[in-house]
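Before any comments, here is the structure.
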Amino acid sequence: MSTRLSFLQLTLGVALGLWLGFVAIALSGWLAWRHWGPLALPLATLGGAPPAAVLLPAPAPPTGSSALFEQYQQNLHRQQLRQAEQAARADASNQGNPQCQFWLEQTRTAPTDANRENVARFCN
């Protein structure tokens, strides 16, 4: 019991399958777009520059002020000191400030939080 398809039937079957596949993909894409909305691409894929760092205020501590929250605050403070150091290195007006140059060099050779705090204090 063999089935023979003519060339026309085979061509129409393949064409119908391709068309139905395209419709299924288009419908899936449209439903996903309606459900999740257009997805934003990261700036790196668009070739744009990353946004400047924004310092957000720390959330209110939970009752009892846990050790985890204190660790979070310390990490946030360290991150702000590092950003201040990077900004001081990038600012050309600090080239003529001897105290700033001293603390920038200290931070380069011994990157401690105390040295970074002095950079934040003595540099613009």
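The values are calculated or read from the model by the stated rules, or taken from the named source; none is laboratory data. None of these values were measured; they are calculated from a predicted model. Cβ sites come from the backbone with ideal geometry, for glycine too, and all protein chains shown count toward neighbours.
Within the stretch 31-87, take every residue that is modelled with pLDDT under 80 and in contact with a Leu (Cβ under 8 Å, 6 or more places away or on another chain) and give me the one that is surrounded by the most Cβ atoms within 10 Å (Cβ to Cβ). Outline the logic, then answer.
Within the stretch 31-87, the first condition is being modelled with pLDDT under 80, and the residues that meet it are 36-65.
Filter once more, keeping what is in contact with a Leu (Cβ under 8 Å, 6 or more places away or on another chain): 49-51, 58.
On the way: Ala49: 7, Pro50: 8, Pro51: 7, Ala58: 11.
So the residue we want is Ala58.
Going through Arg116, Arg108 one at a time, which residue ends up being crowded, with 16+ Cβ neighbours inside 10 Å, of a type in the set (D, E, K, R) and over 23 Å from the mean Cα position of the chain (by Cα)?
Working: Arg108 fails: crowded, with 16+ Cβ neighbours inside 10 Å.
Just a single option satisfies the conditions, and that option is Arg116.
Among the residues of the stretch 105-117, write down those that are more than 13 Å from Gln83 (Cα to Cα) and either touching a Phe, Trp or Tyr at 6+ places or on another chain (Cβ under 9 Å) or touching a residue at least 40 places away in the same chain (Cβ under 8 Å) (or both).
Asn115
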